[in-house]
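The values are calculated or read from the model by the stated rules, or taken from the named source; none is laboratory data. Only a predicted model underlies this, so the values are computations on that prediction, with no experimental measurement involved. Here Cβ is always computed from backbone atoms with ideal geometry, including for glycine, and neighbour counts include all displayed protein chains. The area values use the complete protein model at the heavy-atom level, side chains included, leaving out ligands, DNA and RNA. Shrake-Rupley method; radii C 1.70, N 1.55, O 1.52, S 1.80 Å.
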Amino acid sequence: MADVIASLAEAVLQEARARGLRIATAESCTGGLVSAALTDIPGSSDVVDCGFVTYSNEAKQTMLGVDQSTLTRFGAVSQEVAREMAEGALRQSRAGLAVSVTGIAGPGGSEHKPEGRVCFGLATAGRMTLTETRDFGALGRSNVRKAATEYALRLLLSAAAPSARA
């Protein structure tokens, strides 16, 4: 999977560079793995603006402007919070494209929010923010984080290269 992640990161950077896009990330359960994948590629500084690792609810609020009422009503693992995270990353950066990741890597979870559930947000300047939820299953903490990182990169690629099928 590491090779897949590296290839996706390279493709994201190439497409974003070609379109003059800068990228920001807002990560919770991945703990910065999306940013790390992008910045592992030499020369990424012309595309990657910044990354926010907002593991706690307080960090989501203070760094990204996620509303307390959204967290209370929907919980940190929700499309609503993923939306606010991605939009906050755009506001707090010079990026034109932002991805957010919030989920339950495990172990644990609940009946309503099982291990492996991850919510994503994709914000592009001047467009409606997209959100979605993926249930990767109880793959174990490391594998859920890797799967979420790969998926976030695929979302960035789809936004940076709309004609490409990620």
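Pairs are defined by a Cβ separation below 6 Å, a sequence spacing of at least 6 or placement on different chains, a first member in the stretch 131-143 that is outside any helix (DSSP H, G or I), and a second member that is at pLDDT 95 or above and open to solvent by 70 Å² or more (accessible area, probe 1.4 Å); the pairs so defined are Thr131/Arg83. Within the stretch 83-116, being among the charged types (D, E, K, R) and at pLDDT below 95 holds for Glu111, Lys113, Glu115. Among the residues making up the stretch 140-163, a single one is farther than 13 Å from Arg19 by Cα, open to solvent by less than 20 Å² (accessible area, probe 1.4 Å) and out of contact with any Leu (no Cβ under 9 Å at 6 or more places or on another chain): Val144.
Please enumerate the residues belonging to the stretch 126-153 that are polar (S, T, N, Q) and more than 11 Å from Val99 (Cα to Cα).
Of everything in the stretch 126-153, those that are polar (S, T, N, Q) and more than 11 Å from Val99 (Cα to Cα) turn out to be Thr133, Ser142, Asn143.
Entry remark, the stretch 12-31: residues being closer than 22 Å to Val144 by Cα and in a helix (DSSP H, G or I) number 1 in total. Within the stretch 36-52, being surrounded by 17 or more Cβ atoms within 10 Å (Cβ to Cβ) and under 17 Å from Glu87 (Cα atoms) holds for Val48, Asp49, Gly51, Phe52.
Listed by first and then second residue, the pairs linking a residue in the stretch 39-62 that is closer than 15 Å to Glu27 by Cα and aromatic (Phe, Trp, Tyr) to a residue that is part of a helix (DSSP H, G or I) and open to solvent by less than 80 Å² (accessible area, probe 1.4 Å), with Cβ atoms under 9 Å apart and 6 or more places separating them unless they lie on different chains, are Phe52/Ser35; Phe52/Ala59; Phe52/Lys60; Phe52/Met63; Phe52/Leu64; Phe52/Met85; Phe52/Gly88; Phe52/Ala89. Here is the figure for the stretch 40-64: residues that are under 16 Å from the mean Cα position of the chain (by Cα) and in a loop (DSSP other than H, G, I, E, B) total 4.
Filtering the stretch 78-104 to residues that are of a type in the set (A, V, I, L, M), open to solvent by less than 20 Å² (accessible area, probe 1.4 Å) and outside any strand (DSSP E or B) leaves Val81, Ala82, Met85, Ala86, Ala89, Ala95.
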